[in-house]
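The values are calculated or read from the model by the stated rules, or taken from the named source; none is laboratory data. Worth saying up front: this structure is predicted, and the values here are computed from it rather than measured. These area figures cover heavy atoms from the full protein model, side chains too; ligands, DNA and RNA do not enter into them. Shrake-Rupley method; radii C 1.70, N 1.55, O 1.52, S 1.80 Å.
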Amino acid sequence: MKHAKRIALTATALAAGAAATLLGTGVGQAAPAGTTALPAVHAPAALQVPAGNKLTAVFSARGVQTYTCTDGAWKFLEPGAVLSDRAHRPVALHSRGPVWVSTVDGSAVNASSVASSAKDGTIPELLLKATATRGTGVFGDVTYVQRLDTTGGVAPTDACTGTEQVGVRYTATYAFYKAAS
């Protein structure tokens with residue numbers, strides 16, 4: 001039951017994010033296909049990507065941070081989000097791993113957090129280093145990912161019992177980098 005509930009929460013989050021994207025309520029942050037102009041990315045000093053890497057994609061995300069009750073406290077379980085381009089088209093899914101998978105070209109990147117920057121009232125901003133990539137598309141050969149401009153997603157503060165799970169809505173901007181040529 002716990003696994004089925006987690007799948008349902010993630011599916012609901014992804015469906016809600018896709019619906020928001022299709023209704024044009026997302027905040028697109030990537031350059032339209034065929035252009036090289038990317039929006040400026042403003043990250044705290046602790047989250048700067050090392051020299052030798054080039055910004056290659058920036059997408060807005062809407063989804064949920066899922067928490068599960070463990071020993072009477074809420075513990076982070078997994079993210080579930082839809083990433084959109086500037087034209088508000090869904091272009092990728094983000095889930096446990098963490099992993100980002102392009103719905104356009106099938107490429108993917110897994111990463112792990114190497115630095116974090118706390119923000120009041122929201123989940124922290126992150127710098128993540130790629131641990132694996134797949135394909136030659138938008139996420140192929142990605143070296144670093146930044147999670148910036150976060151809103152929401154914070155675990156509930158009330159006590160919990162049993163094996164409850166809850167999804168808390170969040171938004172973020174994800175910036176992707178590849179080694180400079």
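A few comments on the model shown:
- Under 5 Å, built H, 5+ apart or other chain: amide partners of Asn53: Ala180
- Per atom type, region 89-163 shows carbon and sulfur on 53% of its accessible surface, probed at 1.4 Å.
- With protein chains left intact and a 1.4 Å probe, residues in region 114-181 average 49 Å² of accessible area per residue.
- Across region 81-176, Cα pairs under 8 Å and at least six residues apart give a relative contact order of 20 percent.
- Accessible area ranking (1.4 Å probe, heavy atoms, ligands and nucleic acids excluded), largest first, for Arg147, Arg96, Arg169: Arg169, Arg96, Arg147.
- Equivalent ellipsoid of region 58-181: semi-axes from √(5λ) of the C-alpha gyration tensor, largest first, are 27, 14, 14 Å.
- Annotation: amide H-H contacts under 5 Å for Gly137 (H modelled 1.01 Å from N, sequence separation of 5 or more, or interchain): Ser107.
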